[in-house]
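Structure record follows, encoded as structure tokens.
The values are calculated or read from the model by the stated rules, or taken from the named source; none is laboratory data. Being a predicted model, the structure only gives us computed values, none of them experimental. Note that we place each Cβ from the backbone using ideal geometry, even for glycine, and neighbour counts take in every protein chain shown.
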Amino acid sequence: MSDHKHHHADKKEKKLVQLLKNRRTQRINLAEDQLARGRELEKEREEKLTKSALGSSRAAEKQKKAGEPAWSAKMQQIRDKNTGRLEMSKERWNRFAGTESGGGRGL
């Protein structure tokens, strides 16, 4: 009879362990779902901002003076890429951070 009680206690303990494991997994999944929703909302906000920036740049294009280009975020990104500003800023940072090729040598 005592062996039966021991087996019954083991069974209850296994059930409890599985229940706790399931709860933990459920909490992790809920947190991941919340993060995914937050990312989706952020993406929607970003799209709205991009759309409004595009609209304002189109409006500026209509009102621009002859020979003066209108400013837009996309055009600025292209200009920075063409002029190498992004690369220069990374290089400047690496010079003092002791990382990548600069390596803190003051180059």
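In a helix (DSSP H, G or I) and modelled with pLDDT of 90 or more: is that true of Arg24 in this structure?
On the way: in a helix (DSSP H, G or I): yes; modelled with pLDDT of 90 or more: yes.
Spelling it out, Arg24 is indeed in a helix (DSSP H, G or I) and modelled with pLDDT of 90 or more.
Being modelled with pLDDT under 75 and either more than 22 Å from the chain's Cα centre (by Cα) or part of a helix (DSSP H, G or I) (or both) is the requirement here; does Ala60 meet it? Outline the logic, then answer.
Working: modelled with pLDDT under 75: yes; either more than 22 Å from the chain's Cα centre (by Cα) or part of a helix (DSSP H, G or I) (or both): yes.
Considered against the rule, which asks whether it is modelled with pLDDT under 75 and either more than 22 Å from the chain's Cα centre (by Cα) or part of a helix (DSSP H, G or I) (or both), Ala60 comes out as yes.
Identify, please: which residue in segment 63-95 is of a type in the set (Gly, Ala, Ser) and touching a helix residue (DSSP H, G or I) at 6+ places or on another chain (Cβ under 7 Å) and is, among those, modelled with the highest pLDDT?
Step one: filter segment 63-95 for residues of a type in the set (Gly, Ala, Ser), giving 66-67, 70, 72-73, 84, 89.
With touching a helix residue (DSSP H, G or I) at 6+ places or on another chain (Cβ under 7 Å) added as a condition, the list becomes 70, 72-73.
On the way: Ala70: 63, Ser72: 74, Ala73: 77.
This residue is Ala73.
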